[in-house]
1. Filtering segment 8-21 down to residues that are farther than 22 Å from ASN184 by Cβ and either among the hydrophobic types (A, V, I, L, M, F, W, C) or under 27 Å from the mean Cα position of the chain (by Cα) (or both), which residue is modelled with the lowest pLDDT?
2. Checking the conditions here, which among TRP101, TRP84 is surrounded by 14 or more Cβ atoms within 10 Å (Cβ to Cβ) and under 14 Å from THR58 (Cα atoms)?
3. Would you check which residues across segment 91-142 are among the acidic types (Asp, Glu) and modelled with pLDDT under 90 and list them?
4. For segment 126-142, give me the residue count where each residue is of a type outside the set (Ser, Thr, Tyr), under 17 Å from the mean Cα position of the chain (by Cα) and either surrounded by 16 or more Cβ atoms within 10 Å (Cβ to Cβ) or in a helix (DSSP H, G or I) (or both).
5. What are the residues in segment 72-90 that are over 14 Å from THR50 (Cα atoms) and not in a strand (DSSP E or B), if any?
6. Please pick out the residue among LEU14, LEU6 that is over 15 Å from GLN172 (Cβ atoms) and either touching a residue at least 40 places away in the same chain (Cβ under 8 Å) or surrounded by 20 or more Cβ atoms within 10 Å (Cβ to Cβ) (or both).
7. Could you pull out the residue among GLN187, GLN155, GLN172 that is open to solvent by 40 Å² or more (accessible area, probe 1.4 Å) and touching a residue at least 40 places away in the same chain (Cβ under 8 Å)?
8. Open to solvent by 40 Å² or more (accessible area, probe 1.4 Å), at pLDDT below 95 and within 27 Å of SER147 (Cβ to Cβ), is that true of ASP24?
Amino acid sequence: MTFAELQADVRRKLNESSATFWTDQDIKDALNEAYEEMGDATEFYERQATLIMLAKRTYYDLTSLLPDTFLSPRRCWNTITQRWARPTDPLDQDLHTSVQWELTNGPPEAYFIRGNWWLGVWPRSASDADSSLRFYYTAIPARMSASTDVPGFPQEFHPGIVALALSDLLAQERETRKALGYWNTGQEYGHALRAHVEGRQRIAKMDVL
């Protein structure tokens, strides 16, 4: 369904053919917020970016390096060594490498997330641009704006966006029972989309191996 079709479906279910009560912008905002909510809950929106490693830098701020709102890492490919970097965490590094592991120089072999959006690498590059990572990650999807825009997942899950948008709009008018009904429907679609995404990720990991 296109963005225009999603808007029309919301109006039809609200039994309102004109913008006398809910404006077009109200419905657009509700649909986009629902779209972002499904993106956050299911992490369906996968992206990639090339990150240039800098001399003796262990940590990279993903909010400034990525064009999207970062959610979670998927995998990292070292474009210089032509190897996949392994996921790790600071505790594992503390236990299985030297105490001063953050000062180790060399081509990055492992990566981890510290806090909400700091990417850490080990070892760190010895000089600027001697390593780069192709970083695969999930993000919040870009908002729909054009009438022909479509959500970034299969059409069978599009009604979930409509249901969550209806829940939001009806809750604003204190139509609690109806809002909860649509919210539950939206959650069901979200769970189904999550299962679809997890199945897709398992296939991708098999391809990597």
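1. Restricting to residues being farther than 22 Å from ASN184 by Cβ and either among the hydrophobic types (A, V, I, L, M, F, W, C) or under 27 Å from the mean Cα position of the chain (by Cα) (or both), the top hit is ALA19.
2. Just one listed residue meets the conditions, TRP101.
3. ASP92, ASP94, GLU102, ASP128, ASP130
4. Residues flagged as of a type outside the set (Ser, Thr, Tyr), under 17 Å from the mean Cα position of the chain (by Cα) and either surrounded by 16 or more Cβ atoms within 10 Å (Cβ to Cβ) or in a helix (DSSP H, G or I) (or both) within segment 126-142 amount to 5.
5. THR81, THR88, ASP89, PRO90
6. LEU6
7. Selected residue: GLN155, the only one of GLN187, GLN155, GLN172 that is open to solvent by 40 Å² or more (accessible area, probe 1.4 Å) and touching a residue at least 40 places away in the same chain (Cβ under 8 Å).
8. It is true that ASP24 is open to solvent by 40 Å² or more (accessible area, probe 1.4 Å), at pLDDT below 95 and within 27 Å of SER147 (Cβ to Cβ).
The values are calculated or read from the model by the stated rules, or taken from the named source; none is laboratory data. Fair warning: this is a prediction, and the values are worked out from it, not measured in the lab. When we count neighbours, we look across all protein chains shown, and the Cβ atoms used for this are built from the backbone with ideal geometry, even at glycine. Remember, those area values only see protein heavy atoms, side chains included, never the ligands or the DNA or RNA. Shrake-Rupley method; radii C 1.70, N 1.55, O 1.52, S 1.80 Å.
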